[in-house]
Amino acid sequence: MHKHFSILSLLFFLAVASYSQEEELPEEKETDSITNTLSTAVLVIEDSTSFKKKRNINPLAPSKAAFYSAVLPGLGQIYNKRYWKVPLVYGAIGGSVYMYSLNNDNYQRFRTAFKRRQAGFSDDEFNGEGEFPFFELATLENQQERFQRDRDLWLVVTIVAYTLNIIDANVDAHLKQFNIDNNLSLDFEPYLDLNSVTNDPTYGMALTIKF
């Protein structure tokens, strides 16, 4: 009797031990799965936060650049950080102003000589006694009209150069903020589709815009 009781006690102990091991195994597996899920979630979150950085756009930047170039030519290009354009701006405007001034001086000289020659005087610089040869009255008139025409032409060129300086600063500020994102694309490719009702093919070209 005592021997049978000992065998039953041993079997009961083994059954309790095996049951406790079966209860512990799912908990370890569940803990591992939770840990893996959390680690995966953390990786996804870090990747998504560092995916893209957006640029801030200043809508007043083109107006500022144009205003600065209007006040002082070349200042708008400096505002846009296009420093290499500043010598071009001053070369175009400065050269035009110089040519205008040169032609205006020659125009005034020939005009003065022409007016004095018409008044009966012969003491002008083009009377042949100085470093310049003698010019007839008609020659003085032609030279006066020529330098007047060239002076007016260079005045127009100066105004155009000044205006282009303002336009360049404005357009350049716009282009600096133009969207050049990789997600912005334009694709033109062949298109083929099959009508599910009539089984007739539809084909052509498709224009795809992604933004």
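The values are calculated or read from the model by the stated rules, or taken from the named source; none is laboratory data. Note that the structure is a prediction, hence the values are computed from the model and not measured. When we count neighbours, we look across all protein chains shown, and the Cβ atoms used for this are built from the backbone with ideal geometry, even at glycine. Heavy atoms of the whole protein, side chains included, go into the accessibility calculation; ligands, DNA and RNA do not. Shrake-Rupley method; radii C 1.70, N 1.55, O 1.52, S 1.80 Å.
Of all residues in region 101-110, none satisfies being closer than 23 Å to Asp172 by Cβ, surrounded by 19 or more Cβ atoms within 10 Å (Cβ to Cβ) and more than 18 Å from the chain's Cα centre (by Cα). Scanning region 75-100 for residues that are of a type outside the set (A, V, I, L, M, F, W, C) and under 18 Å from Leu175 (Cβ atoms) yields a total of 8.
Screening region 76-100 for residues that are in a helix (DSSP H, G or I), open to solvent by 60 Å² or more (accessible area, probe 1.4 Å) and in contact (Cβ under 8 Å) with a residue 12 or more places away in the chain and picking the one that is nearest to Gln143 (Cα to Cα) gives Tyr100. On the basis of being closer than 30 Å to Leu75 by Cβ and either touching a residue at least 60 places away in the same chain (Cβ under 8 Å) or outside any helix (DSSP H, G or I) (or both), does Ile166 make the cut? Here the answer is yes, as Ile166 does meet what is asked. Inside region 133-164, residues that are open to solvent by less than 50 Å² (accessible area, probe 1.4 Å) and closer than 17 Å to Ile93 by Cβ make up a count of 3. For Gly130, the conditions (1) more than 30 Å from Val89 (Cα to Cα); (2) at pLDDT 75 or above; (3) of a type outside the set (Lys, Arg) are fulfilled apart from (2).
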